[in-house]
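Step one of this worksheet: look at the structure below.
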Amino acid sequence: MPAPATDPLWLQNTPTRSYPQLSGNVEVDVAVIGGGIAGITTALLCKRDGARVAVLERGVVAGGATGYTTAKISALQQTKLAQIQRIHGQPTATMYAGASLEAIALIETLIREHEIDCSWERLPDWTYAAYESQVDAVREQAEVARGAGLDVHETTATPLPFEVAAAVRLDDQAQFHPVRYVHALAQLIPSDGSHVFERTAVAKFDDGDPGTLTTEDGHTVSARAVVVCSNYPLLDRGLFFARMKAARSYLVAARVADEPAQAMAISAGEPTRSMRPYSDEGGVHWVLVGGEGHSTGAQEAQPERYEALERFAREHFDVVDIPWRWSTQDGMPLDNLPYVGRYLPGSQHLFVNAGHQKWGMTNGTIGARIVADQIAGRLNRYADTFDPNRIAVRAAPELVKAQATVGAHLIGDRLAPAEAASADEVPRGEARTVREGIAKVGVHRDDDGELHTVSLRCTHLGCLVHWNAAERSWDCPCHGSRFDIDGAVLAGPAVAPLETRDVS
Ligand code: FES
């Protein structure tokens with residue numbers, strides 16, 4: 001049986017529109033970097049305020065994290081509220097829950113106003129304890145959620161196809177087809193001096209009034225406000241790379257014989273298992289199963305992770321086949337709140353909407369509302385909670401730990417021995433580090449036997465990249481940049497490709 005394709009279900013047979021590459025210099029009021037849900041929603045809300053906007057997307061609209069999500073739209077969010085309460089207190093957890101509900105309402109309003117066909121459905125979301133050891137986490141989440149005003153119910157009577165040790169349910173949450181939704185919003189942007197550009201990578205930002213973005217091809221966009229909505233902020237101002245960890249997680253789409261229960265669910269601890277149903281236009285029923293997360297570049301990216309999810313799906317659902325599997329990368333802030341607002345204290349022109357910590361549908365959407373309000377000079381009640389320069393993040397012990405990890409990789413990885421004495425030893429479909437002179441290089445031999453050799457030195461700040469066997473890419477353990485087998489950037493903060501190398 002052939003291995004499933006490593007492509008997301010959401011990008012199959014989905015009619016999408018393509019947009020031009022920037023081929024000259026343009027002037028707008030607001031420039032938005034990133035064409036996912038955060039960037040497109042931000043641009044649209046700014047346009048509705050009367051601004052001329054330009055979206056600059058390195059790849060294609062909704063082709064990044066937005067096309068790779070489970071697309072759950074919930075205020076319950078596994079154990080997130082309890083984690084926020086522990087760090088920031090109940091009032092902040094309450095604000096976060098309120099922001100999530102407001103995001104859900106905004107998405108629903110946009111869908112109704114623009115009659116968007118994106119399989120929008122309201123349904124309950126569950127956090128469950130797969131084992132006794134997770135029961136306390138479920139109870140704590142329920143208590144904090146209740147304190148935040150969410151009408152949650154604790155019960156072990158779930159519609160899930162297995163027993164649980166405890167569970168909490170929040171009704172009336174939602175799910176949709178994320179690519180259809182974002183493409184429908186994107187189509188509303190071009191006209192009246194506004195644009196969407198694809199295959200347009202930003203290399204540089206010069207502050208000023210207006211500010212100027214320069215693309216890799218040397219074209220410029222001048223704008224009075226710039227909003228960074230890429231998954232991982234690529235402009236190093238504010239040292240965002242040091243305030244966020246990058247995490248990978250995996251998903252499989254299983255075609256199932258019977259319609260699964262109309263419920264979203266996620267386990268309260270490891271191993272994480274996240275589920276949602278989906279029925280496509282052809283009446284085919286699917287279950288998406290996600291989990292198996294780990295830090296990017298942690299040398300844990302192995303094909304076995306997909307197999308674990310597939311086993312879970314086959315064990316609990318009447319699986320016909322599993323044609324699609326894919327993985328995704330999320331920016332994880334150090335203190336469990338997204339980074340939304342002015343990039344630096346007092347920034348007049350540069351804003352950020354990032355760090356959506358695996359809940360990008362709600363966080364990217366409320367982030368868009370906050371930033372659009374700030375650009376328009378309106379107050380937003382959630383702005384302080386999501387402020388990227390909040391004291392809690394600057395004081396987070398995690399910041400010191402993250403920097404220590406980077407230091408360890410910067411030095412330790414250079415001292416590690418090469419994995420193969422020469423390129424001849426690299427098997428087909430695999431990769432090894434090989435010493436070449438005083439440096440080590442990364443050598444991948446593809447399925448046809450051809451060698452692809454790159455410098456291991458990440459072009460962001462110089463950590464050494466690690467081989468990702470699950471997706472055949474080179475991933476940086478320091479801040480999550482990813483590169484393909486020939487060194488092209490798949491994910492920032494790096495903007496320049498890995499250098500290619502010759503091996504003897
Ligand atoms: Fe920062 Fe590689 S992503 S050093």
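Read-outs: derived from the displayed coordinates by stated rules, not from any lab. What you are looking at is a predicted structure, and each value in this text was computed from that prediction instead of being measured. Note that each Cβ is placed from the backbone with ideal geometry, even for glycine, and that neighbours are counted across all protein chains shown.
Please rank D502, D384, D29, fewest neighbouring Cβ atoms within 10 Å first, as an exposure proxy.
Listing D502, D384, D29 from fewest to most nearby Cβ atoms yields D502, D384, D29.
Could you give me the ³J(HN,Hα) list for the stretch 245-260, computed from phi with Karplus coefficients 6.51, -1.76, 1.60 and θ = phi - 60°, whole Hz, x at Gly and Pro?
Working through the residues one at a time gives 9, 9, 10, 9, 9, 10, 9, 10, 10, 9, 7, 10, 6, 10, 5, x Hz.
Step through the table entries K245/K358; K80/K245; K47/K204; K204/K440, compare each Cα-Cα distance with 20 Å, and write down the pairs that go over it.
Long pairs (Cα-Cα over 20 Å): K47/K204; K204/K440.
Going by a ≥ b ≥ c, the root eigenvalues of the Cα gyration tensor, does the chain fall in the rounded group (a/c under 1.5), the prolate group (a/b larger than b/c) or the oblate group?
It is rounded, given that a/c, with a ≥ b ≥ c, falls under 1.5.
Indicate the gyration tensor shape class of the stretch 428-485 (rounded, prolate or oblate), computed on the Cα atoms with a ≥ b ≥ c the square roots of the eigenvalues: a/c under 1.5 is rounded; otherwise a/b larger than b/c is prolate and the rest oblate.
oblate
Work out from phi, with θ = phi - 60° and the Karplus expression 6.51 cos²θ - 1.76 cosθ + 1.60, the ³J(HN,Hα) of each residue of the stretch 62-69, listed in order in whole Hz, and give x for Gly and Pro.
The phi angles translate into 6, x, x, 4, 5, x, 10, 8 Hz.
Taking H placed 1.01 Å from N in the peptide plane, check which residues at least 5 places from D7 or on another chain put their amide H under 5 Å from its amide H.
The list, which skips near neighbours in sequence, is R325.
Can you compute the FRET efficiency between D207 and R48 using 1/(1 + (r/R0)^6), with r the Cβ-Cβ distance and R0 = 30 Å? Round to the nearest 0.05.
Plugging the Cβ-Cβ distance into 1/(1 + (r/R0)^6) gives 0.70.
May I ask for the distance between the Cα centers of the stretch 82-139 and the stretch 284-345, given as a whole number of Å?
Result: 18 Å between the Cα centres.
With θ set to phi - 60° and the Karplus curve 6.51 cos²θ - 1.76 cosθ + 1.60, what are the ³J(HN,Hα) couplings of the stretch 332-339 in order, to the nearest whole Hz, using x for Gly and Pro?
10, x, 6, 10, 6, 10, x, 10
I want the local charge near V340. Using Cβ-Cβ distances under 12 Å, sum +1 for each Lys or Arg and -1 for each Asp or Glu among the other residues.
So the surrounding residues net to 0.
Amide H of A167 versus every other amide H placed in the peptide plane: which residues, excluding those fewer than 5 positions away on the same chain, fall under 5 Å?
Those qualifying (amide H under 5 Å, at least 5 residues apart or on another chain) are A129, T155.
Could you line up I104, I87 from fewest to most neighbouring Cβ atoms inside 10 Å?
Least to most surrounded, the residues fall as I87, I104.
Compare the peptides 66-74, 344-352, 288-296, 483-491 by average per-residue count of other Cβ atoms within 10 angstrom and give them in order, highest first.
Final packing ranking: 66-74, 288-296, 483-491, 344-352.
State the answer as a single residue: which of L170, T200, V227 lies farthest towards the positive end of the charge dipole of the stretch 160-235, with beta carbon charges of +1 for Lys and Arg and -1 for Asp and Glu, about the Cα centre.
Of the options given, the answer is L170.
Taking C-beta distances below 4.7 angstrom as the pairing criterion, name the unpartnered cysteines of the chain, in sequence order.
Lacking a cysteine Cβ partner under 4.7 Å: C46, C118, C229.
Given R₀ = 60 Å, FRET efficiency for D486-E154 by Cβ-Cβ distance, to 0.05?
Calculated value: 0.70.
Pull out a ≥ b ≥ c, the square roots of the eigenvalues of the alpha-carbon gyration tensor of the stretch 71-162, then state rounded if a/c is under 1.5, prolate if not and a/b is larger than b/c, and oblate in the remaining case.
It comes out oblate by the Cα gyration axes.
Amide H to amide H under 5 Å from V196: which residues, 5+ apart in sequence or cross-chain, H placed 1.01 Å off N in plane?
Distant-sequence amide H within range of V196: V55.
Using 0.36 nm per residue, how much length does the chain from E315 to A242 gain when fully extended, once their Cα-Cα distance is taken away?
Extra length from E315 to A242 when fully extended: 22.3 nm.
What net charge is computed for the residues neighbouring L170, neighbours being all others with C-beta under 9 Å from the C-beta of L170, Lys and Arg scored +1, Asp and Glu -1?
Surrounding charge for L170 is -3.
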